[in-house]
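The values are calculated or read from the model by the stated rules, or taken from the named source; none is laboratory data. Treat the numbers as computed from the prediction; the structure is a model and nothing was measured. Heads up, the Cβs are rebuilt from the backbone with ideal geometry, glycines too, and the neighbour counts pull from every protein chain shown. In case anyone asks, the SASA skips ligands and DNA or RNA and just uses the protein heavy atoms, side chains included. Shrake-Rupley method; radii C 1.70, N 1.55, O 1.52, S 1.80 Å.
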Amino acid sequence: PRGAPHMNRVERLQASLEEPLLVSNLVNLRYLVGFESSNAALLVEPERAQLFSDFRYAELGRSVEGVEFIETKRSLFDALAELIEGRIGFEADHVTYARWETLGKGGLELVPRRGLVEELRAVKDEAELEAVRNAAALTSEAYARFAEERFVGRTERDLAWRLEELFHELGAEAPAFESIVAAGPNGARPHSRPSDREIGAGETVVIDAGAKLDGYCADCTRTFATGPLPERLSEAYAVCLEAQLAGLQAVRAGATGVEADGAARSVIDDAGFGEAFGHGLGLGVGLDVHEAPRLSRESSDTLVADQVVTVEPGIYLEGLGGIRIEDLVIVTDGEPEILTTTTKDLVEVS
């Protein structure tokens with residue numbers, strides 16, 4: 001939907017600006033005015049917003065309410081350098097050096113700004129929360145069906161493809177990211193990519209995937225067993241689950257990202273697996289699958305209600321296997337609203 005809800009976002013951004021801001025991150029642009037394009041920018045000034053894009057998106061651009069649409073040539077940043085003047089903020093985490101150079105040659109006074117739109121995106125409105133709930137419900141249903149698949153003897157790549165088929169069958173617009181299927185020793189690499197390795201008996205299979213629906217992402221990880229596991233992996237699963245539940249208890253408005261991470265990490269540390277948990281506890285999810293806030297030892301964030309975050313501790317044992325258990329949750333003033341509902345008991349698949 002375009003119009004009022006998006007313009008409210010523009011107004012919130014305008015209230016935080018010290019100078020006009022050139023928004024060129026396309027996800028931020030979609031968030032602010034509902035415009036989807038591969039080549040666009042939005043100049044947000046105190047009293048107006050100008051949307052720039054080329055001929056391919058002109059009809060769509062003219063239909064966006066509350067903005068002045070300006071059609072440009074295909075080389076957008078060359079056009080912006082000619083059309084804009086004065087002191088302008090730019091998205092320092094997004095504009096490349098080459099684009100910064102192009103804008104500068106046009107005589108603009110460029111001020112680097114960071115996280116202005118991302119800060120707004122971190123707290124979801126009710127429509128966004130409902131979109132994430134729907135994406136998570138679809139993802140949970142896909143996991144329930146996926147658990148009925150045969151695992152042993154199939155390749156990681158085959159299973160990853162089957163999970164994405166399930167997303168499409170259930171009505172997802174796309175996977176939120178490339179699905180991870182990591183079996184046996186591959187599971188000890190947190191971001192292993194699906195390979196042609198055949199899944200064997202008596203090993204863990206880490207599945208990390210999510211559906212995208214109405215532009216919003218879900219993210220969920222479950223670890224399955226293909227038969228009885230070595231004792232070390234069984235112990236690691238129990239510890240990881242205890243840590244994940246402790247992390248969930250700590251995720252509430254007012255808690256810091258460091259505190260939430262520490263609640264889960266201390267369980268893993270106390271069990272002697274501390275060195276095997278090397279990443280943060282979680283991060284924000286919305287239009288992107290990685291956004292603010294962060295739950296980690298380095299986080300500077302404090303949680304507030306209506307943020308959407310993952311809680312995903314892991315234990316990775318080189319040469320043996322990996323465990324990760326992840327839920328997607330909405331932060332509230334009390335216990336979080338858990339959106340991914342597939343069982344976290346260790347499910348044995350054949």
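Hey, can you tell me all the residues within the stretch 309-326 that are open to solvent by 10 Å² or more (accessible area, probe 1.4 Å), under 14 Å from residue 234 (Cα atoms) and assigned to a loop (DSSP other than H, G, I, E, B)?
Going through the stretch 309-326, the residues open to solvent by 10 Å² or more (accessible area, probe 1.4 Å) turn out to be 312, 316-320.
From what's left, under 14 Å from residue 234 (Cα atoms): 316-317, 320.
Listed by number, the list holds a single entry, 320.
When both residues are 6+ apart or on different chains and their Cβ atoms are under 7 Å apart, which pairs have a first residue that lies in the stretch 1-26 and is over 14 Å from residue 125 (Cα atoms) and small (Gly, Ala, Ser), and a second that is at pLDDT 95 or above and assigned to a strand (DSSP E or B)?
24/41; 24/91
Please find, within the stretch 45-66, the residue that is surrounded by the fewest Cβ atoms within 10 Å (Cβ to Cβ) out of those that are in contact (Cβ under 8 Å) with a residue 24 or more places away in the chain and closer than 15 Å to residue 26 by Cβ.
So the residue we want is 60.
Go through the stretch 126-140 and give me each residue that's in contact with a helix residue (DSSP H, G or I) (Cβ under 8 Å, 6 or more places away or on another chain) and open to solvent by 60 Å² or more (accessible area, probe 1.4 Å). Steps first, answer last, please.
First, pick out the residues of the stretch 126-140 that are in contact with a helix residue (DSSP H, G or I) (Cβ under 8 Å, 6 or more places away or on another chain): 127, 138-139.
Hit for the stretch 126-140 is 127, nothing else.
Can we say residue 294 is more than 16 Å from residue 132 (Cβ to Cβ), open to solvent by 10 Å² or more (accessible area, probe 1.4 Å) and within 18 Å of the chain's Cα centre (by Cα)? I'd like the intermediate steps shown before the answer.
On the way: more than 16 Å from residue 132 (Cβ to Cβ): yes; open to solvent by 10 Å² or more (accessible area, probe 1.4 Å): yes; within 18 Å of the chain's Cα centre (by Cα): yes.
Against the criterion (more than 16 Å from residue 132 (Cβ to Cβ), open to solvent by 10 Å² or more (accessible area, probe 1.4 Å) and within 18 Å of the chain's Cα centre (by Cα)), residue 294 qualifies.
Which members of the stretch 216-273 meet the condition of being of a type in the set (Asp, Glu), without any contact (Cβ under 8 Å) to a residue 40 or more places away in the chain and either assigned to a loop (DSSP other than H, G, I, E, B) or more than 24 Å from residue 349 (Cα to Cα) (or both)?
First, the residues of the stretch 216-273 that are of a type in the set (Asp, Glu): 219, 231, 235, 242, 259, 261, 269-270.
Among the residues that remain, those that are also without any contact (Cβ under 8 Å) to a residue 40 or more places away in the chain are: 231, 235, 242, 259, 261, 269-270.
259, 261, 269, 270 - these are the residues of the stretch 216-273 that are of a type in the set (Asp, Glu), without any contact (Cβ under 8 Å) to a residue 40 or more places away in the chain and either assigned to a loop (DSSP other than H, G, I, E, B) or more than 24 Å from residue 349 (Cα to Cα) (or both).
Between 321, 314, 334, which is on the phi > 0 side of the Ramachandran plot and of a type outside the set (Asp, Glu)?
Answer to the selection: 321.
Mind listing just one residue for me: the one in the stretch 262-288 that is in contact with a Gly (Cβ under 7 Å, 6 or more places away or on another chain) and under 25 Å from residue 117 (Cα atoms) and, of those, least open to solvent (accessible area, probe 1.4 Å)?
Per the criteria, the residue is 281.
With without any contact (Cβ under 8 Å) to a residue 40 or more places away in the chain, buried (at least 16 other Cβ atoms within 10 Å of the Cβ) and touching a Lys or Arg at 6+ places or on another chain (Cβ under 6 Å) as the only criterion, which of 92, 79 stands out?
On the way: 92 fails: buried (at least 16 other Cβ atoms within 10 Å of the Cβ).
From the options 92, 79, the qualifying one is 79.
Could you tell me which residue of the stretch 107-125 is nearest to residue 306 (Cα to Cα), considering only residues that are open to solvent by 40 Å² or more (accessible area, probe 1.4 Å) and over 27 Å from the mean Cα position of the chain (by Cα)?
So, considering only residues that are open to solvent by 40 Å² or more (accessible area, probe 1.4 Å) and over 27 Å from the mean Cα position of the chain (by Cα), the one nearest to residue 306 (Cα to Cα) is 109.
What's the number of the only condition in (1) of a type in the set (A, V, I, L, M, F, W, C); (2) touching a helix residue (DSSP H, G or I) at 6+ places or on another chain (Cβ under 8 Å); (3) open to solvent by 40 Å² or more (accessible area, probe 1.4 Å) that residue 163 fails to meet?
(3)
Looking at 251, 258, can you tell me which residue is open to solvent by less than 20 Å² (accessible area, probe 1.4 Å) and out of contact with any Asp or Glu (no Cβ under 7 Å at 6 or more places or on another chain)? Step through it out loud before you land on a result.
Working: 258 fails: open to solvent by less than 20 Å² (accessible area, probe 1.4 Å).
Unique residue meeting the criteria: 251.
Let's see how each residue does on (1) part of a loop (DSSP other than H, G, I, E, B); (2) within 16 Å of residue 344 (Cβ to Cβ):
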position: 187; (1), (2): no, no
position: 192; (1), (2): yes, no
position: 200; (1), (2): yes, no
position: 205; (1), (2): no, yes
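So which residues in the stretch 133-160 are assigned to a helix (DSSP H, G or I) and either among the acidic types (Asp, Glu) or free of Cβ contacts under 8 Å to residues at least 12 places away in the same chain (or both)?
The first filter runs over the stretch 133-160 and keeps only residues assigned to a helix (DSSP H, G or I), leaving 133-146, 156-160.
Selection gives 141, 156, 158.
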